[in-house]
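Bear in mind these aren't lab numbers, they're just calculated from the coordinates by the rules spelled out. Keep in mind that what you see is a predicted model, and the values were worked out from it rather than measured. Cβ atoms come from the backbone with ideal geometry, glycine included; neighbour counts cover every protein chain shown.
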Amino acid sequence: MNGVLFVTDPLGGLQADVDASIGLMSATQDLGLDVWCCEPSDLAVANGNVLVQARRIRLRPRHPAGSGHRWTVDPIWWDELDRTVVDAAGFDLVHLRIDPPVDQRYLHTTYLLDLVEAAGTRVVNRPEGVRAMHEKLIALRFPELCPPTYVGAGLPGLRDFVAGVGTAVVKPVDGFAGLDVWLIGDDHAATALLESATHGGRRQVIAQQYLPAVEHGNKRLFLLDGDIVGAVLRRPSTDDFRIGPPVAVAGIDDADRAIVAALRPHLRRHGLAIAGLDVIGGRLIEVNVTCPGGMHKTDALLGTQLSRAMVRKLTESTLGVLT
């Protein structure tokens, strides 16, 4: 079974004008490889083999919208060419592209894909690596690279931390996509806000010192096999402290290179080929490894070819040099 399998959330629910997984699919198709898709529920194991109810699709033409970070696409952005049950280990490459959080559904999928990898097929990102390196907590292994950070659910400790740093960004350990992110200052509202953020002290959160440098941008570093392949700047909007879409290309400085050098051996050891590092003012905020995004948006905005470069290198390293 030649081709590349993408294990994703339901295709109909993906945002075809921005979704990074679709950008990787499009780049795969442009390189002349068949694109196959399935959802976690389409995976099964029989006699030690992972079987998949897979769909072969062809993406319809797309082009940058002309301004901003979106692509112009048809409302139905793909055509189904085939549907069949096959051995997942027969694909040339498998992409694990389920959106976080890493919940039971996600974890169960990684265990099945462990069997695919054991059969000799590369899975990107490696399932074991996704389990081993929690994208919200991995940065804590490098405190010298991060802003002051506190992780916990207890209100007294969190309240003391906020008082110590003045203003903190608070987010759930299992959060994603900017949901349930709080900006909490050292004032009379702090305790009530922390109670809400932690569900009354029952949910673990990450609190980090607010960095005013975010006004100049949050830098997303795109990594492939531990090396920087691009960088983009994202800024908060005027009416929201949270980070928005990409706005400009970002330069790479010594602080970025030091952060990547510290993370590179860990990413490579755990097979986390595609990663997105969030950096503010030279400080590491987060390491995105479950379903790293932003490449497709950046390609539309800046005319880059991040998705194509990633797919080509992954394919060359897995299958040999493409002609």
Item to complete: Treating the angle as unsigned and between 0 and 90°, give the value, to the nearest 10°, between the Cα long axis of helix 20-30 and the longest Cα principal axis of the chain.
Response: 30
Worksheet item: Which value does Rg/Rh take for segment 236-317 over its C-alpha atoms, Rh per Kirkwood?
Response: 0.97
Fill in: Phi to ³J(HN,Hα) by Karplus 6.51 cos²θ - 1.76 cosθ + 1.60 over segment 67-83, Hz, x for Gly, Pro
8, x, 10, 10, 10, 8, 9, 5, x, 9, 8, 9, 10, 7, 9, 7, 8
Item to complete: Wrap a convex hull around the Cα atoms of segment 57-147, take a quarter of its surface area, and give that in square nanometres.
Response: 9.7
Worksheet, complete the sentence: The alpha-carbon center of segment 102-176 and that of segment 256-323 are separated, in whole Å, by 17
Discussion item. Less than 9 Å Cβ to Cβ from Val52, Lys/Arg counted +1 and Asp/Glu -1: what total charge do the surrounding residues give?
Written reply: -2
Response to the item:
Tilt, helix 306-319 to longest principal axis of the chain (alpha-carbon atoms), in degrees rounded to tens, equals 50
Worksheet entry | Under 5 Å, built H, 5+ apart or other chain: amide partners of Gly230 | Phe222
Response to the item:
Listed with the fewest Cβ neighbours within 10 Å leading, His188, His266, His108 appear as His188, His108, His266
Practice prompt. Starting at the first residue of segment 115-125, write each ³J(HN,Hα) from the Karplus equation 6.51 cos²θ - 1.76 cosθ + 1.60 with θ = phi - 60°, in whole Hz, x for Gly and Pro.
Written response: 5, 5, 5, 4, 7, x, 9, 6, 10, 10, 6
Worksheet, complete the sentence: Any residue on another chain or 5+ positions along whose placed amide H is under 5 Å from the amide H of Asp99 is listed here as Asp9
Worksheet, complete the sentence: With Rh as the Kirkwood radius over Cα pairs, segment 148-210 has Rg/Rh of 0.91
Item to complete: List, in order, the whole-Hz ³J(HN,Hα) value for each residue of segment 291-305 obtained from phi through the Karplus relation with A = 6.51, B = -1.76, C = 1.60 and θ = phi - 60°; use x for Gly and Pro.
Response: 8, x, x, x, 5, 5, 4, 5, 4, 5, 6, 10, x, 6, 10
Worksheet item: When each pair of different Cα atoms in segment 244-286 is counted once in the 1/r mean, what is the Kirkwood radius in angstroms, to one decimal?
Response: 11.6
Worksheet item: Which of these, Leu224, Leu193, Leu306, has the largest mean-square fluctuation under a Gaussian network model of the chain (Cα springs below 10 Å)?
Response: Leu193
Discussion item. Please report the projected area of segment 4-128's Cα convex hull averaged over all directions, in nm².
Written reply: 7.9
Worksheet item: For Lys171, which aspartates and glutamates qualify as cross-link partners when the Cα separation must be under 16 Å and same-chain residues fewer than eight apart are set aside?
Response: Glu135, Asp180, Glu195, Asp240, Asp278, Glu286
